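> Here it is, the structure, as structure tokens.
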Amino acid sequence: MIGSIENHRSREAGSLVYPVYSRRSGGLSIGINLFPAEKVCPFNCPYCEVFPFHNDAGFSIKEMEKELVVIVEDAKSRNIPIRDICFSGNGEPTISPDFPDALGAAAWIRNEKAYEASIVVITSGAGLIDSARSDVLVQAATGPDSVHVWLKVDAGTEEWYRVINRSAIPFADVCAGIRDFCARAPAVVQTMLCAVDAQIPSEQESESWVKLVSGLDHIEAIQIYGKCRPAPEDPCAEPVPLSFLEARAERIRKQIAPVPVFVFF
Ligand code: SF4
């Protein structure tokens, strides 16, 4: 419930829906978690706040709808504006078989009860290498529900991708999925900048990232953010100074203006 805006650990206790204060949303964000029983993600980012866990919780659309309505009505009764209803949770939402139906159900509840809220899907891009999943997101982003897609692009080189996302999916495949999606629908690019095992992104990495991102179509905004919360199970990721984030932001601004570039420290 809103009275005790929860931290992200509630997701690991089996919650399907959880209210959080989101710095990137700028207020109350209601999260939808399609993976209440365990983390399911083809990426293994060292800065990830979700560490491997397991419980017996199950996902159901009906339960999700029930929990979402309760939290939306609670926020309304307290006059707390809802900035967004956001699919993120314990992994990559687009690879859940429940994703299309859950997205439809959340949009319906938003339209009925919280029209001011955006629907946001945060994706690593791992789901976009599958054309059927990519199509679902394209339709959601370009259709009447105007779903906002926040797309992770942490790396511009294979080398840094291996460090920052640690995925078995080839970097070239992820880039191809991202390019294809952005050719068909709008997206907000999200990039985490941090040190990993005391290594920071190199000059060549920064240059390649600028080239990759500035070459994408239909970018609505860029969010560059730093690590601010601990990842206790994997403490090899460390924050970098604000000046490092701002230097990267300045670089992409010059290439992509007038697209807005935001820094979250
Ligand atoms: S893509 Fe997101 S959920 Fe997956 S490991 Fe990275 S930060 Fe964690």
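The values are calculated or read from the model by the stated rules, or taken from the named source; none is laboratory data. The shown structure was predicted, so the numbers you read here are calculated from the model rather than taken from an experiment. Here the Cβ is made from the backbone with ideal geometry for all residues, glycine too, and neighbour counts use every protein chain on show.
> Is one or more of the residues making up segment 126-134 under 29 Å from Ala105 (Cβ atoms), touching a Pro at 6+ places or on another chain (Cβ under 7 Å), small (Gly, Ala, Ser) and modelled with pLDDT of 95 or more? Explain how you work it out, then say what you get.
Within segment 126-134, the subset under 29 Å from Ala105 (Cβ atoms) is 126-134.
Checking which are touching a Pro at 6+ places or on another chain (Cβ under 7 Å) leaves us with 126.
Right, trim to small (Gly, Ala, Ser) and you get 126.
Restricting the remaining residues to those that are modelled with pLDDT of 95 or more gives none.
No - not one qualifying residue is present in segment 126-134.
> Restrict the check to segment 189-211 and report whether at least one residue is within 16 Å of the ligand (Cβ to nearest atom), of a type in the set (Ser, Thr, Tyr), touching a residue at least 40 places away in the same chain (Cβ under 8 Å) and touching a strand residue (DSSP E or B) at 6+ places or on another chain (Cβ under 7 Å).
yes
> List every residue pair whose Cβ atoms sit under 8 Å apart, with the two residues 6 or more apart in sequence or on different chains, where the first one lies in segment 104-124 and is more than 16 Å from the ligand (Cβ to nearest atom) and the second, anywhere, is among the polar types (S, T, N, Q).
Ser118/Ser146; Ile119/Ser146
> What are the pairs, 6+ residues apart or on separate chains, where a residue within segment 78-91 that is over 14 Å from Leu151 (Cα atoms) has its Cβ under 7 Å from a residue that is aliphatic (A, V, I, L, M) and assigned to a loop (DSSP other than H, G, I, E, B)?
Ile82/Ala114; Ile82/Ala117; Arg83/Ala117; Asp84/Ala117; Ile85/Ala117; Gly89/Leu34; Asn90/Val50
> In addition: Could you identify the single residue in Val189, Val163, Val149 that is modelled with pLDDT of 95 or more and either part of a helix (DSSP H, G or I) or surrounded by fewer than 16 Cβ atoms within 10 Å (Cβ to Cβ) (or both)? Before you say what the answer is, go through the steps one by one.
On the way: Val189 fails: either part of a helix (DSSP H, G or I) or surrounded by fewer than 16 Cβ atoms within 10 Å (Cβ to Cβ) (or both); Val149 fails: either part of a helix (DSSP H, G or I) or surrounded by fewer than 16 Cβ atoms within 10 Å (Cβ to Cβ) (or both).
Result: Val163 is the single residue among Val189, Val163, Val149 that is modelled with pLDDT of 95 or more and either part of a helix (DSSP H, G or I) or surrounded by fewer than 16 Cβ atoms within 10 Å (Cβ to Cβ) (or both).
> If the Cβ limit is 8 Å and pairs must be 6+ apart or interchain, which residue in segment 40-57 that is without any contact (Cβ under 8 Å) to a residue 60 or more places away in the chain and under 23 Å from Leu128 (Cα atoms) pairs with which residue that is near the ligand (Cβ under 7 Å from one of its atoms) and small (Gly, Ala, Ser)?
The qualifying pairs are Val40/Gly91; Val50/Gly91.
> Checking the condition over 21 Å from the mean Cα position of the chain (by Cα), acidic (Asp, Glu) and not in a loop (DSSP other than H, G, I, E, B), which residue from Asp84, Asp56, Asp74 passes?
Details: Asp84 fails: over 21 Å from the mean Cα position of the chain (by Cα); Asp56 fails: not in a loop (DSSP other than H, G, I, E, B).
Result: Asp74 is the single residue among Asp84, Asp56, Asp74 that is over 21 Å from the mean Cα position of the chain (by Cα), acidic (Asp, Glu) and not in a loop (DSSP other than H, G, I, E, B).
> Here's another thing I want to ask about it. Look at Ile30 and say whether it is within 23 Å of Cys228 (Cα to Cα) and at pLDDT 95 or above.
Numbers: within 23 Å of Cys228 (Cα to Cα): yes; at pLDDT 95 or above: yes.
In short, yes.
> Another question about this same structure. Between a residue in segment 217-228 that is farther than 18 Å from Val138 by Cβ and any residue that is among the small types (Gly, Ala, Ser), which pairs come within a Cβ distance under 8 Å, given they are 6 or more apart or on different chains?
Ile222/Ala249; Ile224/Ala249; Lys227/Ala237
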